[in-house]
Amino acid sequence: WPDDGLGPGPRYSFTFDAAFSPSEGQAAVYDAVARPAVSSTLAGFNASIIAYGHTGAGKTHTMEGAPDGAQRGIIPRAVADIFEHVERSARPGARRFLVRASYLQIYNEVLSDLLKPGRNGLAIRE
């Protein structure tokens with residue numbers, strides 16, 4: 001390894017599925033990152049979408065964005081896609097759907113449920 005001034009220690013390599021420029025919109029991010037996970041849930045699988053980064057990196061904007069319009073984030077787009085699918089599939093005697101969602105935050109090693117304010121310090125179970 002070259003002497004990079006960081007001292008001895010393990011070296012890590014990271015790969016990314018995608019990287020987006022600031023000029024790309026919320027729709028491009030949703031189509032590349034979240035739509036495949038939403039499609040998997042509609043096929044009966046569990047899925048998770050995780051936003052990770054330092055304060056001010058845009059995690060909340062990416063996940064929530066605006067409630068409607070071009071700036072809608074991943075969550076409102078996913079909810080719309082899921083319930084549009086449920087509505088299209090609703091026929092007498094057809095499949096029944098159970099939709100569950102969690103919106104969690106880990107901040108300073110404290111797990112919080114963002115759908116039920118006041119639920120902080122939750123335990124993580126396997």
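Tabulated results
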{"item": "Shape parameters for the chain, alpha-carbon atoms, Rg then Dmax in Å", "result": "18.6, 68"}
{"item": "Environment charge of Arg72, counting only residues whose C-beta is closer than 15 Å and scoring Lys/Arg +1, Asp/Glu -1", "result": "-4"}
{"item": "C-alpha long axis of helix 74-89 to longest principal axis of the chain, angle in °", "result": "30 degrees"}
{"item": "Kirkwood-type radius of region 55-126, with distances r between different C-alpha atoms, in Å", "result": "14.8 Å"}
{"item": "Of Pro76, Ile106, Tyr12, farthest towards positive along the dipole that unit charges on Lys, Arg, Asp, Glu beta carbons give the chain", "result": "Pro76"}
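Each reported figure results from applying straightforward, stated rules to the coordinates on display, with no laboratory input. Keep in mind the model is a prediction, meaning the values are calculated, not measured. Because the Cβ atoms are built from the backbone with ideal geometry, glycine has one as well, and the counts that use them run over all protein chains shown.
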